[in-house]
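The structure appears below as C-alpha cells.
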Amino acid sequence: MLVSCGNSSQTGSNSNSKSNSTSSSKSGSYQVTGQTNSSQYAGVIKNGKYLTSKARGITASEDSDNLMNLKSFEGGLQDISKNEFSPSKYVFQEGQYLNSNTVQNWLDRKSKSNPDGLNPASNKSTTPTGRNPIYLQSLEEQDYIQKSGNKMKLSGVTIGLAMNSVDYYRKTTYGSQYQTNISDATLEKEGKAMAKEVLARLRKKKALKDVPIIIAIYKQASNDSLIGGKFVSYSVNNGDSVDKWKALDIENVVFPLKTNETAPNSNDSNAFSNFKTEVENFFPNLSGITAQAQYKNGSLQGMNVAVTTQFYSETEINSFTQFLADQAEKYLPSGVKIDITVSSTTDGVQSFLSRSSTAKSFSTHVFGSY
C-alpha cells in the first residue's frame with residue numbers, strides 16, 4: 001500500500017510536468033510523476049525510483065515474436081482501464097502483486113509439478129490439429145491507486161490475458177517451426193474460463209480482496225502481421241465471480257491494403273493512397289510508406305505512418321519533413337491523432353511529425369547533430 005503522494009493534476013495538454021511533494025512512511029518515500037497531458041496517468045516513484053513491474057515481459061513461448069503485440073497489449077490495456085479508473089482520479093502503478101515466478105507458473109502448462117498452470121496439460125501429440133495448444137501467451141498486471149485523505153491506497157487492478165490466435169511450436173529443440181491455428185470462438189472461450197480462475201486466485205490475496213478488478217482478453221496477432229493484436233472483451237469485477245463481459249469492436253488495419261482486403265472506411269484507404277502517391281512523386285528517394293490504423297466501432301481512432309527514406313543530407317530531411325506536413329494536412333483524415341515517423345535503415349529516426357485529434361496542423365521535429 002502506498003501511503004502518500006504529491007499533486008499530479010494538470011490543466012492542459014501542453015503544460016509541463018509539475019514537481020510533486022514527497023511523503024515518508026515505514027516502507028519508504030513515495031512520489032508521483034507529473035502528467036504531460038490530462039489523458040495520461042501519473043506514475044508512482046518510490047525512494048526516488050520508478051516502480052517497475054515485477055513480472056513484465058514473461059511469455060509462455062519464445063516462438064511468438066511479434067513485438068507489435070507487446071506494445072498494443074500494454075497500451076490497449078491502459079486504454080480499457082481509463083473507462084473505469086480515470087487518469088484525473090487515479091495514479092498508475094506497474095504490477096506489484098504478481099511476481100515473475102507466479103506469472104511464469106500460471107503461463108506454463110498444467111502438470112503434476114505445476115498445478116497452477118493455466119494452459120492445458122500436454123497430450124504428447126505433435127500434430128497441429130491433435131496437440132493441446134498454448135492458449136495463454138502472456139499476462140499483464142496494472143495497478144491503480146487513489147488518494148484517500150493524506151494516504152494513497154490501491155483502488156483498482158487491471159489484468160490482461162494475451163491469447164494466441166496462432167500457437168507456434170517446435171517438435172525438437174532448434175527444429176522446424178510448426179503452428180496450431182486457434183479460432184476466435186475458442187480463443188475467447190478459453191480466455192473467459194481462465195479469467196474465472198485468475199479472479200479467484202487474486203481474491204485470495206489480502207490486498208486484492210475488495211478492490212475492483214478488470215480482466216481483459218487480448219487476441220494476439222500472428223508473427224507475420226505488420227500490426228499488433230486487439231482486445232476483444234473485458235469484464236469489471238467487484239465480487240468473487242466474473243461479472244458480465246463487454247464486447248469490444250476493434251480492428252487494426254495496415255495501409256496500403258493488400259489485394260482483396262477492405263477497411264472499415266474506404267475513404268481512409270483512399271486518403272492514404274493519395275498521400276502516398278503525392279509524397280512518392282515529389283521525393284523519389286523513398287523505400288516505402290506504410291501506416292497502421294485502428295478502428296473502434298467502425299470509426300478511425302488514429303494512424304501511425306512510417307516513412308523509410310534513402311536521404312543522407314540534413315537539408316533533404318528538413319525539406320522533406322516540411323513537405324510531409326503540408327501533404328499530410330491536405331490528404332490524411334482530420335479529427336484523429338496522426339503520428340508520422342521518418343527513418344532510414346542506416347541513420348535511424350530522422351524526423352517526427354505529430355498532430356492531435358483536435359489540431360489542424362502538424363508539429364514537426366528534425367533530429368539533427370552538432
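The values are calculated or read from the model by the stated rules, or taken from the named source; none is laboratory data. Since we're looking at a predicted model, the values are computed, not measured. Cβ: placed from backbone, ideal geometry, glycine included. Neighbour counts: every protein chain shown. Surface accessibility is based on the protein's heavy atoms, side chains included, excluding ligands, DNA and RNA. Shrake-Rupley method; radii C 1.70, N 1.55, O 1.52, S 1.80 Å.
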Item to complete: Go through segment 78-137 and give me each residue that's closer than 20 Å to THR158 by Cα, among the β-branched types (Val, Ile, Thr) and in contact with a Phe, Trp or Tyr (Cβ under 8 Å, 6 or more places away or on another chain).
Response: ILE80, VAL91
Discussion item. For a quick check of your reading: which strands (runs of 3 or more DSSP E) sit entirely within segment 232-334 and have at least 2 residues that are open to solvent by less than 50 Å² (accessible area, probe 1.4 Å) and of a type in the set (A, V, I, L, M)?
Written reply: 250-255, 286-296, 299-309
Worksheet item: List, please: which pairs have Cβ atoms under 7 Å, are six or more places apart or on different chains, and start with a residue in segment 334-351 that is within 12 Å of VAL307 (Cβ to Cβ) and end with one that is of a type in the set (Phe, Trp, Tyr) and surrounded by fewer than 16 Cβ atoms within 10 Å (Cβ to Cβ)?
Response: VAL349/PHE367; GLN350/PHE367; SER351/PHE367
Worksheet item: Out of SER19, SER24, which single residue is assigned to a strand (DSSP E or B), of a type outside the set (A, V, I, L, M, F, W, C), loosely packed, with under 13 Cβ neighbours inside 10 Å and modelled with pLDDT under 90?
Response: SER24
Response to the item:
For segment 103-145 the number of residues that are among the hydrophobic types (A, V, I, L, M, F, W, C) and either in a loop (DSSP other than H, G, I, E, B) or without any contact (Cβ under 8 Å) to a residue 12 or more places away in the chain (or both) is 3
Worksheet item: Among (1) closer than 27 Å to PHE231 by Cβ; (2) open to solvent by less than 20 Å² (accessible area, probe 1.4 Å); (3) at pLDDT below 95, which single condition is MET152 missing?
Response: (1)
Practice prompt. State yes or no: is ALA121 more than 25 Å from SER72 (Cβ to Cβ), in contact with a strand residue (DSSP E or B) (Cβ under 9 Å, 6 or more places away or on another chain) and either aliphatic (A, V, I, L, M) or surrounded by 13 or more Cβ atoms within 10 Å (Cβ to Cβ) (or both)?
Written response: yes
Discussion item. When you check ALA221 against the structure, is it within 27 Å of PRO333 (Cα to Cα), surrounded by 13 or more Cβ atoms within 10 Å (Cβ to Cβ), of a type in the set (Gly, Ala, Ser) and touching an Asp or Glu at 6+ places or on another chain (Cβ under 8 Å), yes or no?
Written reply: no
Discussion item. Exactly one condition in (1) surrounded by fewer than 20 Cβ atoms within 10 Å (Cβ to Cβ); (2) more than 30 Å from PRO120 (Cβ to Cβ); (3) hydrophobic (A, V, I, L, M, F, W, C); (4) at pLDDT 50 or above is false for MET68; which is it?
Written reply: (2)
Discussion item. Touching a helix residue (DSSP H, G or I) at 6+ places or on another chain (Cβ under 9 Å), over 23 Å from LYS46 (Cα atoms) and small (Gly, Ala, Ser): which single residue out of GLY130, GLY160 fits that description?
Written reply: GLY160
